[in-house]
Amino acid sequence: MSDLLTTIFNRNPNEPEFHQAVDEVYETVEKVIEKHPKYKQAKIFERMSEPERLISFRVTWVDDNGEVQVNKGYRVQMNSAIGPYKGGLRFHPSVTPSILKFLAFEQIFKNALTGLPMGGGKGGSDFDPKSKSDGEVMRFCQSFMAELSKHIGHRIDVPAGDIGVGGREIGFMFGAYKKIQNEFTGVLTGKGQGWGGSLIRPEATGYGLIYFAQNMLAEKKDSLNGKVCLVSGSGNVAQYAIKKLLLLGAKPVTVSDSSGYIYDEDGISAEKLNFLMELKNEKRGRISEYADKFKSAKYFANSKSDHNPLWSHKADCAFPCATQNEINAKDAKNLIAGGVKLLAEGANMPTMSDAITILMKAGVNYAPGKASNAGGVATSGLEMVQNYGGIYWSRDEVDDRLKGIMKEIHDCCLRASKEYGLGTNYQAGANIAGFVKVADAMLAQGII
Ligand code: NDP
């Protein structure tokens, strides 16, 4: 391992996810740093790996039984070289500083790739909204925002949703911010359409992912029409990825949640997707109920296996849309054996490093999340622009901009990868293009 990585890892002990993300980026930008000594002299990579600010706070609230509950709250303000901090809030019991630092680090490069002026940030809590009443979620969100509101602002830091934070949570947090600060500003994105939200924002990450995959296939004179697709997750990203796949003539056959997965050999049709969306978004149910309703589907509960059988089914394309590290080396081999030729990440860092190596060696067309799932934050950027200007664009206008941004990110990754003699390598291209943009801004702004 390089001295630089050793120093960073020693400075951030016991943070495996953060180390994994830093390692993955460094591996591909090392040659850029070697070629341009100015980045080395200014210790740009070391500075990018250290959050500008990490806020940690207590969140206390009262549950429906009148019991006091205590959770941890965080905001990682990672890098503001090219714009206000921007990145989601995650509410999940697995949330730790390591997870949020990896997400905030990834967000630096992702936001740079969108071409919009947004820095990198991420935040969240170990609070689990699952099985909580609306009243409990509201009281938690209000308490969380009572502290977070001191550190954010529409020109400072603009959080959005992520795992466990959807329209309901954004609404409660926006209401709390407005009451505390006595101002109505675009301090959060993912807002409802009647109060400052952008059309297409709910769809944006999933749609953007599939637009990116379309571009990857178009490069090879191919399309999504007729392709059998494995999708994991059943939340915001998975739902709209499936919707767009159906619109483009593909056949999605799987979805999952943290308890297990569904394999529907006949394909998840528009009607079945509507059922799934109501089940997950309104009833807050479990996907096992999909198999109770549709006999063509089989439900597989999670087992203590060394691989996830979801990735063993025969398919052409794979779209992991649940969470980090959901595809290991064995899963990668199963994907290859099952015929998968394209994998584009909807989730952040769902593919482990050794799995990426295996997939790319086998010629699988691989797109990292920081490029392929950037449609969500890009459309959040468009929401910010609409909030600043007080004007609102039509559905088609936002969707066209999203399509244009995803095409530009795709082309930008290829340009950067080719410039460094790496051919078609979206992983290296995304890291290099994102790094250079932020590094140049940091150089211009001096040693701060
Ligand atoms: P949601 O909360 O809407 O859905 C998350 C889905 O993943 C659920 O099906 C959930 O299952 C499942 N899941 C969560 N944690 C685990 C776990 N530890 N093991 C197995 N399954 C799990 O989140 P999103 O759809 O918004 O986010 C999904 C991924 O996409 C995340 O990696 C997120 O960072 C990334 N992303 C999201 C963006 C957005 O705009 N929302 C933008 C860019 C990236 P269950 O219902 O059981 O919890």
Starting from the Cα of K31, draw a straight line to each of the lysines and keep only those under 18 Å, dropping any in the same chain fewer than 8 residues away. K40, K43, K418, K437
At 0.692 mPa s and 37 °C, Stokes diffusion of segment 62-200 via Kirkwood alpha-carbon radius, µm² per second: 217
Straight-line reach check, K191, cutoff 12 Å on alpha carbons, 8 or more apart in-chain or any other chain, hits among aspartates and glutamates -> E169, E383
Can you tell me what the convex hull of the Cα atoms of the chain projects to on average, as an area in nm²? 20.8
Order by protection proxy (mean Cβ within 10 Å, highest first), peptides 396-404, 89-97: 89-97, 396-404
Alpha-carbon centroids, segment 152-191 and segment 273-333: separation in whole Å: 31
Within segment 285-387, list the trypsin sites (Lys or Arg not before Pro) lying in a DSSP loop whose Cβ has at most 13 other Cβ atoms in a 10 Å radius. K295, K304, K314
For an R0 of 56 angstrom, estimate the FRET efficiency from the Cβ-Cβ distance between E408 and N65 and round to the nearest 0.05. 0.60
Which shape class, rounded, prolate or oblate, goes with segment 246-286 when its Cα gyration tensor gives a ≥ b ≥ c as root eigenvalues, a/c under 1.5 marks rounded, and past that a/b bigger than b/c marks prolate? oblate
Answer rounded, prolate or oblate for segment 150-210, using the Cα gyration tensor with square roots of eigenvalues a ≥ b ≥ c: rounded when a/c is under 1.5, else prolate when a/b is larger than b/c, else oblate. prolate
Give the shape of segment 251-402 as rounded, prolate or oblate, defined through the alpha-carbon gyration tensor: a ≥ b ≥ c are the square roots of its eigenvalues, a/c under 1.5 means rounded, and otherwise the shape is prolate if a/b is larger than b/c and oblate if not. oblate
On the accessible surface of segment 17-141, probed at 1.4 Å, how many percent belong to carbon and sulfur atoms? 48
Dipole of the chain, positive direction: furthest Cα of Y39, S232, Y207, with charges on the beta-carbon: Y39
Separation between Cα centres of segment 8-87 and segment 95-109, rounded to whole Å: 5
Past 22 Å, Cα to Cα, is the threshold; run K110/K251; K110/K220; K86/K130; K314/K341 against it and keep the listed order. K110/K251; K110/K220; K86/K130
Residues of the chain: accessible area per residue at 1.4 Å, in Å²? 40
Span-like helix ranges in the chain, DSSP H, alpha carbon extent 18 angstrom or more, Kyte mean at least 0.5: 97-113, 426-444
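Over segment 187-262, what is the relative contact order in whole percent, taking alpha-carbon pairs under 8 Å and six or more residues apart?
Normalised by residue count, the contact order of segment 187-262 is 29 percent.
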The chain: calculated mean residue ellipticity at 222 nm from DSSP helix runs of at least 4, using -39500 (n - 2.57): -15000 deg cm²/dmol
Length-normalised contact order for the chain - Cα pairs under 8 Å, 6+ apart - percent: 15
Once the in-chain neighbours fewer than 8 apart are removed, the lysines whose Cα is under 16 Å from K293 read K272, K280, K283
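The values are calculated or read from the model by the stated rules, or taken from the named source; none is laboratory data. Keep in mind that this is a model prediction, so the values were computed, not measured. No Cβ is skipped: glycine too gets one built from the backbone with ideal geometry, and neighbour counts run over all protein chains shown. Accessible surface areas use protein heavy atoms only, side chains included; no ligands, DNA or RNA. Shrake-Rupley method; radii C 1.70, N 1.55, O 1.52, S 1.80 Å.
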